[in-house]
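The values are calculated or read from the model by the stated rules, or taken from the named source; none is laboratory data. Note that the structure is predicted; figures quoted are calculated from it, not measured. Cβ sites come from the backbone with ideal geometry, for glycine too, and all protein chains shown count toward neighbours. For the accessible areas, the whole protein counts, side chains as well, though only heavy atoms, and no ligand, DNA or RNA atoms are used. Shrake-Rupley method; radii C 1.70, N 1.55, O 1.52, S 1.80 Å.
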Amino acid sequence: MQALRRVFALNQNASWTRTVLATQQKSCLLSSSSILDIGIGLSAEKRQIQELALTFTQNEVAPHMQKWDAEHIFPVEMFTKTAALGFGAIYCKEEHGGSGLSRLDASLIFEAIATGCVTSSAYLSIHNMCAWMIDSTGTEEQRAKWLPQLAPMSRLASYCLTEPGSGSDAAALKTTAKSDGNYYVLNGSKAFISGAGATDLYLVMCRTGADGPKGISCVMVEKDTPGLSFGKIERKLGWNAQPTREVVFENCRVPKSNRLGPEGSGFGLAMRGLNGGRVNIASCSLGAAHASLLAAREYMTVRKQFGKQLAEFQALQFQLAEMAAQLVSSRLLVRQAAQSLDSGDPGAPAVCALAKLHATEQCFDVCNRALQLFGGYGYLLDFPVQQYLRDSRVNCILEGTNQVMRMLPCS
Amino acid sequence: YIHIINKADMAASKGLKILVGCKRVIDYAVKVRVKPDRSGVVTEGVKHSMNPFDEIAVEEAVRMKEKKLAGEAVAISVGPPQSQETLRTALAMGIDRAIHVEIPLAQLEKLQPIHVSKLLAKVCESEKPDLVILGKQAIDDDCNQTGQMLAALLDWPQATFASKIEPSQDSKQLRVTREVDGGLETIDVSVPAVVTSDLRLNEPRYATLPNIMKAKKKPLAKMSPDQLGVDLQPRQEVISVEDPPVRKAGAKVESVEDLVGKLREKGLVK
């Protein structure tokens, strides 16, 4: 798609990424197409969806990845374009504008977009998660009101669970929602909220009842509601193309009709949202590792030392082989987790946790090794691997730390 | 073979029937490599996609449908089994149905525009399109022949290198703006006609997820060259395929006088 527009795009980074993602090379791992084929094991139909996402990424995302990071730009226009393709509510029902596709399709899309910008793909996945929470649990009125706005991404959503005092111990959250006639009055604050301040709808997990998970409800708070305010934009190692801020509630009055699901069901909803969220974030890590691995491979055919291409040194070839093993094993596990969710497998949450644990750690390592293969150039901000590295590092932490991911399969 | 459309006002009729050609080629971004035996280029395991000029042709057909100039748009591809993916892409962009003329592997490498144009001509006999839009050339062989040959075989008018297609002043013909060496040439052609697309005709759309899903239900018919009665005997033999010569270093000059002097030295300027 849009092939000729690509030809005339001028951005240096775009040309790097574009060539790297399309080219195949000779000698050892470099020539074998099936190992690094991002569509490995997929049907023709899935490949078509993946191809759409990849082409869009090459044209509309990758060329800007560096700039968005350097200038801290949250690319709302680009998100609107993704939504026009149906990427705004991928696994929501078609009734109100969702695409009616599967978690596997979503994984392919997020992985593809992450090859061009991990941060943007991550936000897109968070938005999708929120849209799904409304689609799966909302009343007919709530779905009819919100999905037609969220699917085209004319309004954006954020997910608010973590607080300054409760991260992994999410059920210990303290933000209260006291009943006052037809309203809840929210007091408290949420921490590390992705998109905060730039988004329009906040899905807030808050305490309507007693302590513990059963006292938690999910309430939708619209931007500009009196009593809703935001902390400063956090300065981060990565994910710079996305504002992250505290969200503060001070006697914030929210109509009870904004509650998703019955009182006390909020924690379960949040956790169900996170199962998919984990597959999605792991998919973003896959994209980062894929792009980094291909970039390193390409570099190794260009850089010469001791009279030979780096690609001719066996020690470095072995690095690539190990990185490929890390990437492909992660990819297969993530896609299996997606399929487990799609098939309603009761064991799916544990598989999702394993997939998130494995993929985020292995893929970060792939990015790190790719950076090493670039030598000194890898450390320069002009080269993309450092951004994939910085952006994928947080994937080991959010949506459930990898330590919590180790707890889930054991419980 | 003559097929004359009713000279009724084009705008009032149910719209033109368009046949669009799509070729599956090596993706433009791939670094193409010559095979060690110099018999051709490496295609196995290499990313392929729809010829960019054909994407533009598909887009134009879909736009003409949206403007109600066209009623039905059919995509056709002559190639290996994987050409079906190319056709699915066309369907996802808004084409109504597709035809795949499958070429056996043995004959694929020797397929030439003369064969493709004969196959297309045969399909035109049964499909009876009012307009055939092809990409002006394929980016793998850069032949720029199929459209012209097809028009000749059908004895239809041709308008190649189109940068704009619209109804003529009296709506009875198509007014096509062509990109030629001297600039832009505008001609009126009667339908049925063959048009080939050039770069600036339009900017192709992305498929959308809903359209990809809808495309699965659209008909995709298969045909063979035998069924169409076309002989694929090669007319040409490729002796060898080689890399272009390595570019030699140039020289920098300090001034216009130096430049002119150097050009004179090399006998390039008197």
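Restricting attention to segment B:31-53, which residues are of a type outside the set (A, V, I, L, M, F, W, C) and open to solvent by 50 Å² or more (accessible area, probe 1.4 Å)?
Passing the criteria: B:Lys31, B:Arg33, B:Lys35, B:Pro36, B:Asp37, B:Arg38, B:Ser39, B:Thr43, B:Glu44.
Looking at the structure I just gave you, is A:Gly100 open to solvent by less than 10 Å² (accessible area, probe 1.4 Å) and out of contact with any strand residue (DSSP E or B) (no Cβ under 7 Å at 6 or more places or on another chain)?
No; evaluated as a whole, the condition is false for this residue.
Within 15 Å of the chain's Cα centre (by Cα) and small (Gly, Ala, Ser), is that true of B:Ala152?
no
So which of B:Asp37, B:Asp27, B:Asp54 ends up being farther than 22 Å from B:Gly147 by Cβ and within 13 Å of chain A (Cβ to nearest Cβ)?
B:Asp27
Just to be sure, is A:Cys117 open to solvent by less than 10 Å² (accessible area, probe 1.4 Å) and closer than 22 Å to A:Leu269 by Cα?
no
For residues that are under 12 Å from the mean Cα position of the chain (by Cα) and among the polar types (S, T, N, Q), scanning just segment A:96-136, find the one that is farthest from A:Arg393 (Cα to Cα).
A:Asn128
State yes or no: is B:Glu44 within 11 Å of chain A (Cβ to nearest Cβ), within 13 Å of B:Ala90 (Cβ to Cβ) and not hydroxyl-bearing (Ser, Thr, Tyr)?
no
From B:Ile76, B:Ile56, B:Ile99, grab the single residue that is of a type in the set (Val, Ile, Thr), under 16 Å from B:Ala207 (Cβ atoms) and either part of a loop (DSSP other than H, G, I, E, B) or open to solvent by less than 10 Å² (accessible area, probe 1.4 Å) (or both).
Result: B:Ile56 is the single residue among B:Ile76, B:Ile56, B:Ile99 that is of a type in the set (Val, Ile, Thr), under 16 Å from B:Ala207 (Cβ atoms) and either part of a loop (DSSP other than H, G, I, E, B) or open to solvent by less than 10 Å² (accessible area, probe 1.4 Å) (or both).
Please name all residue pairs, on different chains or six or more residues apart, with Cβ atoms under 8 Å, provided the first residue is in segment A:62-81 and is without any contact (Cβ under 8 Å) to a residue 24 or more places away in the chain and closer than 16 Å to A:Gly238 by Cα and the second residue is surrounded by fewer than 21 Cβ atoms within 10 Å (Cβ to Cβ) and of a type outside the set (Asp, Glu).
A:Lys67/A:Ile73
Output the strands (runs of 3 or more DSSP E) that fall wholly within segment A:159-271 and possess 1 or more residues being open to solvent by 60 Å² or more (accessible area, probe 1.4 Å), aliphatic (A, V, I, L, M) and out of contact with any Lys or Arg (no Cβ under 6 Å at 6 or more places or on another chain), or say none.
Filter on segment A:159-271 gives an empty set.
State which residue is nearest to the other protein chains (Cβ to nearest Cβ) when the search covers only segment A:39-50 and only residues that are at pLDDT below 95 and within 17 Å of A:Ala289 (Cα to Cα).
Here the residue is A:Gly39.
With respect to B:Leu150, is the statement that it is buried (at least 24 other Cβ atoms within 10 Å of the Cβ), assigned to a strand (DSSP E or B) and at pLDDT 95 or above true?
no
Condition check ((1) within 23 Å of B:Ala162 (Cα to Cα); (2) basic (Lys, Arg); (3) more than 15 Å from the chain's Cα centre (by Cα)) across all residues:
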residue	(1), (2), (3)
B:Lys31	no, yes, yes
B:Glu66	yes, no, yes
B:Gln84	no, no, yes
B:Val101	no, no, yes
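Does segment A:77-104 hold any residues that are in contact with a Lys or Arg (Cβ under 7 Å, 6 or more places away or on another chain) and facing chain B (nearest Cβ under 10 Å), and which are they?
Passing the criteria: only A:Gly100.
If you take the residues of segment A:51-76 that are among the acidic types (Asp, Glu) and over 18 Å from the mean Cα position of the chain (by Cα), which of them is nearest to the other protein chains (Cβ to nearest Cβ)?
My answer is A:Glu51.
Does segment A:73-82 include one or more residues that are buried (at least 24 other Cβ atoms within 10 Å of the Cβ), at pLDDT 95 or above and in contact with a helix residue (DSSP H, G or I) (Cβ under 9 Å, 6 or more places away or on another chain)?
Checking segment A:73-82: at least one residue is buried (at least 24 other Cβ atoms within 10 Å of the Cβ), at pLDDT 95 or above and in contact with a helix residue (DSSP H, G or I) (Cβ under 9 Å, 6 or more places away or on another chain).
Could you say whether any residue in segment B:240-247 is surrounded by 11 or more Cβ atoms within 10 Å (Cβ to Cβ) and at pLDDT 90 or above?
Within segment B:240-247, one or more residues are surrounded by 11 or more Cβ atoms within 10 Å (Cβ to Cβ) and at pLDDT 90 or above.
Does segment A:386-402 contain any residue that is in contact with a Lys or Arg (Cβ under 8 Å, 6 or more places away or on another chain), acidic (Asp, Glu) and under 30 Å from A:Glu71 (Cβ atoms)?
Within segment A:386-402 (the criterion being in contact with a Lys or Arg (Cβ under 8 Å, 6 or more places away or on another chain), acidic (Asp, Glu) and under 30 Å from A:Glu71 (Cβ atoms)), the answer is yes, since at least one residue qualifies.
Return the total of residues in segment B:116-153 being touching a strand residue (DSSP E or B) at 6+ places or on another chain (Cβ under 7 Å) and either among the β-branched types (Val, Ile, Thr) or under 16 Å from B:Gly229 (Cβ atoms) (or both).
Count: 10.
Of the residues that make up segment B:243-266, is at least one of a type outside the set (Asp, Glu) and closer than 17 Å to B:Leu111 by Cα?
Scanning segment B:243-266 turns up no residue that is of a type outside the set (Asp, Glu) and closer than 17 Å to B:Leu111 by Cα.
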